[in-house]
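The values are calculated or read from the model by the stated rules, or taken from the named source; none is laboratory data. Remember, it's a predicted structure, so these values are computed and weren't measured experimentally. Heads up, the Cβs are rebuilt from the backbone with ideal geometry, glycines too, and the neighbour counts pull from every protein chain shown. The area values use the complete protein model at the heavy-atom level, side chains included, leaving out ligands, DNA and RNA. Shrake-Rupley method; radii C 1.70, N 1.55, O 1.52, S 1.80 Å.
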Amino acid sequence: MNVLSKTEELRRAAIDHLWMHNSGWIEMAELGEPVIMVEGDGIRVKDSEGRTWIDPNGGYVSVNVGYGRTEIAEAAREQMRKLSFQPPGAATEPLIRVSEKIAEIAPGSMERVYPVNGGSESTETAIKIARAYHRRNGEPGRYKVISRRYSYHGATGGVLGMAGSVSADRSDYEPFYPGMIYAPQPSPYRCESGATNASDCAVYSAQQVEELIIAHNPETIAAFIGEPISSNAGNAVPGDEYWPMIRDICDRYGVLLVSDEVICGYGRTGEWFGIQNWDIVPDVMGSAKGIVSSYMPFAAAVAKKEIADAFEGENNEFRMANSFGGHPVAAAAALKNLEIIEEEGLVENSKRMGEYFRSQLRELQEDYTFIGDVRGIGLMNTVEMVSDHETKADFDPSLGVQDRLGGKFYDRGMILRPVGQFLNISPPLCVTREDIDEIVNILDDSFRELVEEVPQLKG
Ligand SMILES: Cc1ncc(COP(=O)(O)O)c(C=O)c1O
């Protein structure tokens with residue numbers, strides 16, 4: 001069987017049997033999809049027909065050390081040969097070592113690590129810890145959770161009800177758990193208060209959290225959850241007042257602060273954890289993705305010592321278990337991944353390359369009037385596209401801007417699709433200047449062609 005016919009045969013089997021995430025099989029068949037990926041190296045992957053793709057979001061912003069790291073494969077292989085599995089009731093050396101490592105890099109006294117399998121489980125677990133903590137602390141009435149509009153904290157039942165990403169219609173799964181409260185997003189470019197600078201927006205958005213706590217009765221609020229930099233609101237970096245104010249408000253009302261570090265964690269923002277950009281220590285964190293650079297499913301909720309210690313003592317344990325949480329093979333992969341991030345200085349590289357990347361994107365902004373904003377921190381970047389700088393409105397759907405652009409990136413071998421008005425570009429932390437130049441050139445060529453096809457974009 002030649003390569004092409006094997007690809008065709010696989011494609012047919014996928015169309016018949018595979019229920020892919022967020023895709024319809026009839027549409028995929030019409031488009032000649034799915035693309036079947038077979039290899040990866042750095043920030044590139046190769047498909048079964050031999051085409052190389054640049055992946056400027058490194059596997060949904062998760063492959064922090066890049067593809068093809070044989071050291072991680074070796075660490076996992078060695079562990080699998082020695083002892084393939086033990087359930088979470090037994091400890092293994094890689095699980096202990098990776099917990100110790102996370103405790104070492106996490107801020108303040110965040111030193112208790114609860115291993116799970118993915119980002120949704122990590123945030124779900126963080127919220128469970130918060131609610132269960134209040135019961136042990138003599139405040140069983142605290143169950144409500146404040147999140148921010150345009151957020152995403154995962155796909156499982158509890159966290160799905162927390163706010164709502166612009167790209168996800170969740171109406172099939174309503175009603176959500178009771179006690180979900182939504183606060184504004186501190187997005188300087190689109191502040192709900194109409195503020196036009198980051199500081200005013202930060203202060204307004206934090207004050208709104210306090211008002212919501214008061215309005216809903218502080219004695220019923222368990223936690224506030226937010227990404228330090230909201231990837232799902234297009235990498236909106238809050239003004240410097242925001243997180244210190246949120247920490248202070250949470251402390252004053254006895255509300256636990258949960259930082260969702262699923263995307264921001266493990267070097268992505270130029271710090272080990274996103275919240276460290278403001279020197280804040282949260283109470284609990286959800287974390288995944290970069291923790292293992294997605295070589296295996298591994299994730300963790302991390303709690304402050306003072307919170308975790310409430311679960312000590314007879315009949316007081318945190319009542320939750322899942323079979324694969326802390327899987328030893330995944331833990332070995334995660335440990336090796338964190339060692340690579342540290343040894344290769346990838347946290348610093350994220351900061352340095354992020355600055356270079358944004359400087360290049362800002363040069364593009366000068367050439368294309370439909371670019372409303374370029375923003376980000378470390379290697380979390382967004383180009384926001386607007387039809388009008390005053391209203392910041394989306395394009396007339398009949399122009400097909402997003403589809404055209406997605407098609408142009410596809411034709412040039414770049415795995416990137418606009419999410420609404422956002423082009424989110426968050427490459428692996430091992431990205432080089434040459435890689436960034438290549439991404440920026442593809443953007444430039446695609447934008448130029450787009451403007452020729454849609455003259456209304458000339459503005
Ligand atoms: C901020 C944030 N939290 C949680 C999740 C859920 O993670 P997972 O898809 O691993 O369940 C995601 C997924 O992209 C995310 O972006």
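Just to confirm my filter: which helices (runs of 4 or more DSSP H) fall fully inside the range 80-163 and include at least 1 residues that are closer than 19 Å to LYS305 by Cβ? Can you show your working first?
Numbers: elements: 93-105, 119-136, 157-160.
Where helices (runs of 4 or more DSSP H) fall fully within the range 80-163 and carry at least 1 residues being closer than 19 Å to LYS305 by Cβ, they are 93-105, 119-136.
Among the residues of the range 51-60, are any out of contact with any strand residue (DSSP E or B) (no Cβ under 9 Å at 6 or more places or on another chain) and under 30 Å from ASN381 (Cβ atoms)? Checked against the condition, which is being out of contact with any strand residue (DSSP E or B) (no Cβ under 9 Å at 6 or more places or on another chain) and under 30 Å from ASN381 (Cβ atoms), the range 51-60 yields at least one hit.
Out of the residues in the range 1-56 meeting the condition of being part of a strand (DSSP E or B) and within 25 Å of ALA155 (Cβ to Cβ), tell me which one is least open to solvent (accessible area, probe 1.4 Å). Please lay out each step first, then the result.
Of the residues in the range 1-56, the ones part of a strand (DSSP E or B) are 37-42, 44-47, 52-54.
Within this subset, residues satisfying the condition of being within 25 Å of ALA155 (Cβ to Cβ) are 37, 40, 45.
Working: MET37: 85, GLY40: 31, VAL45: 13 Å².
Ranking the qualifying residues of the range 1-56, first place goes to VAL45.
From the list GLY118, GLY157, the one residue that fits, being without any contact (Cβ under 8 Å) to a residue 40 or more places away in the chain and within 16 Å of the ligand (Cβ to nearest atom), is GLY157. Contact map, the range 249-270: first residue open to solvent by 10 Å² or more (accessible area, probe 1.4 Å) and within 16 Å of the ligand (Cβ to nearest atom), second residue hydroxyl-bearing (Ser, Thr, Tyr) and assigned to a strand (DSSP E or B), Cβ cut-off under 7 Å, separation 6 or more or different chains; pairs are VAL262/SER287.
For the range 116-140, a tally of residues being open to solvent by less than 30 Å² (accessible area, probe 1.4 Å) and of a type outside the set (Gly, Ala, Ser) returns 6.
Pairing residues of the range 334-357 that are in contact (Cβ under 8 Å) with a residue 40 or more places away in the chain with residues that are among the aromatic types (Phe, Trp, Tyr) and open to solvent by 10 Å² or more (accessible area, probe 1.4 Å), at Cβ distances under 7 Å and at least 6 apart in sequence or on separate chains, gives ASN337/TYR295; VAL347/TRP272. Inspect the range 188-204 for any residue being part of a helix (DSSP H, G or I), at pLDDT 95 or above, more than 25 Å from VAL386 (Cβ to Cβ) and basic (Lys, Arg) and give the result as yes or no. Checking the range 188-204: not a single residue is part of a helix (DSSP H, G or I), at pLDDT 95 or above, more than 25 Å from VAL386 (Cβ to Cβ) and basic (Lys, Arg).
For TYR177, the test of being touching an Asp or Glu at 6+ places or on another chain (Cβ under 6 Å) and either open to solvent by 40 Å² or more (accessible area, probe 1.4 Å) or at pLDDT 95 or above (or both) is failed.
Residues in the range 18-48 that are of a type in the set (Asp, Glu) and either closer than 20 Å to ARG433 by Cβ or modelled with pLDDT of 95 or more (or both): GLU39, ASP41, ASP47. Being within 16 Å of the ligand (Cβ to nearest atom), open to solvent by less than 60 Å² (accessible area, probe 1.4 Å) and either small (Gly, Ala, Ser) or at pLDDT below 95 (or both) is a property that does not hold for SER99.
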